[in-house]
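The values are calculated or read from the model by the stated rules, or taken from the named source; none is laboratory data. Only a predicted model underlies this, so the values are computations on that prediction, with no experimental measurement involved. Surface areas here come from the heavy atoms of the whole protein model, side chains and all, with no ligands, DNA or RNA. Shrake-Rupley method; radii C 1.70, N 1.55, O 1.52, S 1.80 Å.
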Amino acid sequence: MPFKKERTVFLENPYDIETLFETLSIAYEQEKELLYMDKLIATIRLDPEGDLTKINYNILKDLKLINTQDIQ
């Protein structure tokens, strides 16, 4: 009897994929989506083992798309 291989829908964590699209959406609203993608690709190239949520957070801060100063 042949072994039936289970079908994988995602190769990556679906939450990471959702985070990427949400971050891209934030950048798009400020017309900085190309800068965001450039920084994302460069960062992943330099640190392929990095946490995508932290990378996205840092990019949003670098591009001044979020302000954490107001959070208390």
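Along segment 28-45 the Karplus relation, 6.51 cos²θ - 1.76 cosθ + 1.60 evaluated at θ = phi - 60°, assigns HN-Hα couplings of 4, 4, 9, 6, 10, 5, 5, 5, 4, 5, 4, 5, 4, 5, 5, 5, 5, 5 Hz to successive residues, with x for each Gly and Pro. Placing Leu65, Leu46 in order of accessible area, with the largest value first and a 1.4 Å probe, yields Leu46, Leu65. By the rule of a C-alpha distance below 17 Å, with chain neighbours fewer than 8 residues away ignored, the aspartates and glutamates paired with Lys64 are Glu22, Glu29, Glu31, Glu33, Asp38. Distances between placed amide hydrogens fall under 5 Å for Leu65 paired with no residue 5 or more residues away or on another chain. In this view, the solvent-accessible surface of Leu34, computed with a 1.4 Å probe and all protein chains in place, comes to about 140 Å². Here the Karplus relation 6.51 cos²θ - 1.76 cosθ + 1.60, evaluated at θ = phi - 60°, turns the backbone of segment 17-24 into coupling constants of 5, 4, 4, 4, 5, 5, 5, 4 Hz, with x for every Gly and Pro.
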